[in-house]
Amino acid sequence: GGAFRDRPVETLKDVRVEDAIKHPNWSMGKKITVDSATLMNKGLEVIEAHYLYGIDYDNIEIVIHPQSIIHSMVETADSSVLAQLGWPDMRLPILYTMSWPERLNTSEDTWPRLDFIKMGDLTFKKPDNAKYPSMDLAYAAGRAGGTMTGVLSAANEQAVEMFLNEEIGYLDICKVIEACCDKHQNELILKPSLDEIVHYDDWSRDFVRDLVHSSAFNPTLPTAASV
């Protein structure tokens with residue numbers, strides 16, 4: 001749920017950059033921390049899961065887990081669930097990526113073993129689509145397929161960059177992404193070549209920049225009192 005998981009949706013118009021880059025559990029770069037706040041990181045992971053594992057979008061669900069201990073769960077055919085648990089530390093998945101298919105021993109000074117008694121409750125809740133419009137955008141882009149997923153990703157990267165540069169407000173991120181995806185509908189290519197993928201990546205970034213810099217765009221920036 002990122003930095004604003006417990007913040008009322010009506011207050012998000014006054015979000016500042018320094019608010020968005022403070023994750024309650026993870027220590028990450030600015031861009032991915034903003035993606036965590038908007039939940040676009042999970043939207044992109046839904047698309048990744050679809051392509052990597054051949055899972056239908058209707059069978060992939062995003063769940064907010066405030067403790068950030070369970071990172072993924074898979075329901076099997078017999079209704080049992082397999083979960084991957086670990087500390088909220090990006091070094092762990094990086095370590096596994098580098099050591100795959102093996103698991104390396106790590107010092108308990110670096111990562112103490114999970115103590116479920118001390119940890120206490122692990123809780124979950126359904127994300128609010130009004131607070132996280134990125135979810136609907138990601139599912140729609142995924143179902144559209146083709147160049148749309150790349151357009152979504154590139155538009156998000158450009159929008160987050162402009163938010164970090166204080167050119168747009170927090171709520172503008174998903175607005176400009178949606179506008180970009182809507183504009184791309186008529187040019188969607190279902191089986192693009194590499195050149196076409198690169199072209200629409202560049203096109204998406206240009207579209208977002210041009211939209212934000214146009215006279216018709218009115219950014220939702222924090223009020224003076226909140227700054």
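Overview of results
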quantity	calculated
Extension gain (nm, one decimal) between E166 and N105, 0.36 nm per residue minus Cα-Cα	17.6 nm
For segment 71-85 and segment 145-160, distance of Cα centres in Å	29
Cα centroid of segment 161-227 to Cα centroid of segment 20-51, whole Å	18
Separation in nanometres of the label points that stand 7 Å from Cα toward Cβ, at E48 and L194	2.2
Ellipticity estimate at 222 nm from DSSP helix runs (n ≥ 4, -39,500 (n - 2.57)) divided over the chain, nearest 500	-13500 deg cm²/dmol
Cβ-Cβ FRET estimate between D206 and R91, R0 fixed at 45 Å, reported to 0.05	0.80
For segment 1-104, radius of gyration divided by Kirkwood radius, i.e. Rg to Rh on alpha-carbons	1.00
Length-normalised contact order for the chain - Cα pairs under 8 Å, 6+ apart - percent	23
Tensor-based shape of segment 141-185 (alpha-carbon gyration tensor, a/c under 1.5 rounded, otherwise prolate or oblate)	prolate
Hydrodynamic radius of the chain per Kirkwood, over alpha carbon pairs, in Å	19.2
Gain in span if fully extended, Q67 to M119, counting 0.36 nm per residue against the direct Cα distance	17.8 nm
With eigenvalues of the C-alpha gyration tensor scaled by 5 and rooted, segment 70-113, Å	24, 13, 9
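No value in this document is a laboratory result; all are computed from the given coordinates. All values derive from a computational prediction rather than experimental measurement. Note that we place each Cβ from the backbone using ideal geometry, even for glycine, and neighbour counts take in every protein chain shown.
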